[in-house]
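Structure record follows, encoded as structure tokens.
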Amino acid sequence: MHRADITKPAFPGSRRYWIMALAMVLFLPPLSFLFQFTGDSNFCGTWCPRMFFVWRKGATMDAYFMGYMRSYMGAILVFGILLTTFFFGRYWCSHLCPIGGTMEMGSRLVPRFLKINYAKIPAPAFRYGYLSVYFGAAALGLGSLCCSYCNFATIPRIFGAPFSGADLAYFLRTAGLINLGLVLLLGIFAKGGRAYCNLLCPIGAMDGLANRAGARWGRRVSVHPAKCNGCGDCVDGCPAWAIDLTDKTARIDALSCMPCGYCETACARGAIGYGKSLLPISAPRGKAVYEKG
Amino acid sequence: MRIRSIITLVLAVLLSLVAAVHRWGDSSHAIGLMSLNGGKARHPSFLESGWDRYAQITTARVLPPYRGDVRVVLEGDPPLDYDIRFSKPVVDLGLRRLPDFRDDILYGIQPGDRLALWVLMRSFPTDPVCGMSVREGDLSHPYQGKIFFFCGDGCLASFRAEPGRYKDKDSPRGKYNLAFYDTRSGKSVLKVPLIFKGKEDSHASGGHH
């Protein structure tokens, strides 16, 4: 069966908002349910997913791997995300991440006329410029982006601040206010709610690389070029800004796509679906020929 | 499209570099190990003198065999107005035992515990000439839109003679300690140095994550 004949949405696209809400309850205050198994209350420390893999200038091998030990739950989380993405696509980002989920759900509460559209920004270029500094600045001893501008620290504390003096303290300093501003401007008040994820999340950036690397073998959202009429209905609402029109055919960028299911729902012709990848075996200009991968 | 991507990439690198290199001087982070032999801070915590308020986060792991109750004190001169807040889940589901924090004392610390404390600090006005802590309402003098307070006429006269030399010195400077003392023995189990630096020398500081 041709992949594009599969018309059902990516699993379980239709219930994505319920799954995101559940992830928020499990990860975020007031419950912080998952963190309490390790005696933590947020993503900092044992669960930190942003710092353990960054090499710092002058660090010994022991010190580097001590970071993995210190944040062992964060390491399990990140490697689990990258592995599942390789085979199944970016389900962590689209369905499970409580950080991106909060910003996307929050943006749905904001009136349309107040939302900022960042979709014209070439997201992969910005994202991987940021990621190169994320690794490079620490390795060269110039500084760090790990803690100072951390989405995984900010969002839980927004939820915790009404209840906890420690969480409120996070915002009583310049870096905390800047982080709050970034979450508001690039999340809650962004069209689609995912500008932060698309531009400034290092986990999302690495996840995009895993998504691209596994596109040949794993399951992905893709377009059937023969069915696509180039109407562009899928382009405008894509929260990951992953689709563009090339020669009147929609093209999905694996560096950005997450299987949220928006494009599948938007396409009236059923030209977009999720499944085992279709690989372009030859691609003369405008005439890609596909086979089942 | 390609040119737009290249320009965006360069812009992203430049913006990210500025963000990575610049430190906001009103907050810092320190990591420590709490133990019976006095504990160890991985590095001092640097803050930039001149802000009205400061925030410092200290995370510490408790090394075995230490267990007990610990009083937390911010030590230094001139004294700062401070408030310590302990990070723990809003709703404690009782899945793991956690220390309790009341009246600046951590109760029931056990080996392996990981502690996270936020210290919010506010400086009292300081005589920029002698460094003494002064109160608003004491002898004062306006300079460049700011009111400076003095302990006496001598310091005021020195300031008037060379205001440029003293105008940035009305905030805390030098070394403070966030000190942790075992309540039973009175022994120190951890000291985290907090160092207030002037703007001119605060950029070459550690504690940056």
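Please work out which one of (1) at the interface with another protein chain (Cβ under 10 Å from one of its Cβ atoms); (2) over 15 Å from B:Ala179 (Cα atoms); (3) surrounded by fewer than 21 Cβ atoms within 10 Å (Cβ to Cβ) is the condition B:Asp83 fails and give its number.
Against the list (1) at the interface with another protein chain (Cβ under 10 Å from one of its Cβ atoms); (2) over 15 Å from B:Ala179 (Cα atoms); (3) surrounded by fewer than 21 Cβ atoms within 10 Å (Cβ to Cβ), B:Asp83 comes up short only on (2).
Taking the stretch A:241-257 as the region of interest, how many residues are on the phi < 0 side of the Ramachandran plot and not in a strand (DSSP E or B)?
Of the residues in that region, 6 qualify.
Taking the conditions exactly as written (surrounded by 15 or more Cβ atoms within 10 Å (Cβ to Cβ), out of contact with any helix residue (DSSP H, G or I) (no Cβ under 9 Å at 6 or more places or on another chain) and either over 30 Å from B:Cys151 (Cα atoms) or within 14 Å of chain A (Cβ to nearest Cβ) (or both)), does B:Leu98 satisfy them or not?
So B:Leu98 does not fit the description; no.
Taking into account only those residues within the stretch B:1-58 that are among the hydroxyl-bearing types (Ser, Thr, Tyr) and within 7 Å of chain A (Cβ to nearest Cβ), which is nearest to B:Met121 (Cα to Cα)?
Within the stretch B:1-58, the match that is nearest to B:Met121 (Cα to Cα) is B:Ser27.
Consider the stretch A:196-240. How many of its residues are part of a loop (DSSP other than H, G, I, E, B) and more than 14 Å from chain B (Cβ to nearest Cβ)?
The number of residues fulfilling the criteria is 18.
Which of (1) of a type in the set (Lys, Arg); (2) in a loop (DSSP other than H, G, I, E, B); (3) within 30 Å of B:Lys197 (Cβ to Cβ) does B:Lys88 not meet, given it meets every other one?
(3)
Scan A:Leu140, A:Leu131, A:Leu114, A:Leu82 and give me the residue that is farther than 17 Å from A:Leu26 by Cβ, in contact (Cβ under 8 Å) with a residue 60 or more places away in the chain, surrounded by fewer than 21 Cβ atoms within 10 Å (Cβ to Cβ) and within 17 Å of the chain's Cα centre (by Cα).
A:Leu82
Suppose we filter B:Pro111, B:Pro65, B:Pro78 for residues that are within 14 Å of another protein chain (Cβ to nearest Cβ) and either in contact (Cβ under 8 Å) with a residue 40 or more places away in the chain or under 30 Å from B:Glu162 (Cα atoms) (or both); which single one remains?
Of the residues listed, the single one that is within 14 Å of another protein chain (Cβ to nearest Cβ) and either in contact (Cβ under 8 Å) with a residue 40 or more places away in the chain or under 30 Å from B:Glu162 (Cα atoms) (or both) is B:Pro111.
With the condition kept exactly as written, say whether any residue in the stretch A:159-182 is in a helix (DSSP H, G or I), closer than 21 Å to A:Ser32 by Cβ and under 16 Å from the mean Cα position of the chain (by Cα).
There is no residue in the stretch A:159-182 that is in a helix (DSSP H, G or I), closer than 21 Å to A:Ser32 by Cβ and under 16 Å from the mean Cα position of the chain (by Cα).
Could you check the stretch B:31-80 and list, in sequence order, the residues that are touching a strand residue (DSSP E or B) at 6+ places or on another chain (Cβ under 8 Å), surrounded by 15 or more Cβ atoms within 10 Å (Cβ to Cβ) and either at positive phi or assigned by TED's automatic domain parsing to the domain that holds B:Gly131 (or both)?
Selection gives B:Gly39, B:Gly68, B:Gly76.
Considering only residues that are surrounded by 13 or more Cβ atoms within 10 Å (Cβ to Cβ), assigned to a strand (DSSP E or B) and either assigned by TED's automatic domain parsing to the domain that holds B:Val192 or not small (Gly, Ala, Ser) (or both), which ones fall in the stretch B:123-157?
B:Thr126, B:Leu139, B:His141, B:Tyr143, B:Phe148, B:Phe149, B:Phe150
The values are calculated or read from the model by the stated rules, or taken from the named source; none is laboratory data. The model shown is predicted, which means the values in this text are computed figures rather than measured ones. Ideal geometry is used to build each Cβ from the backbone, glycine not excepted, and the neighbour counts take in all protein chains shown.
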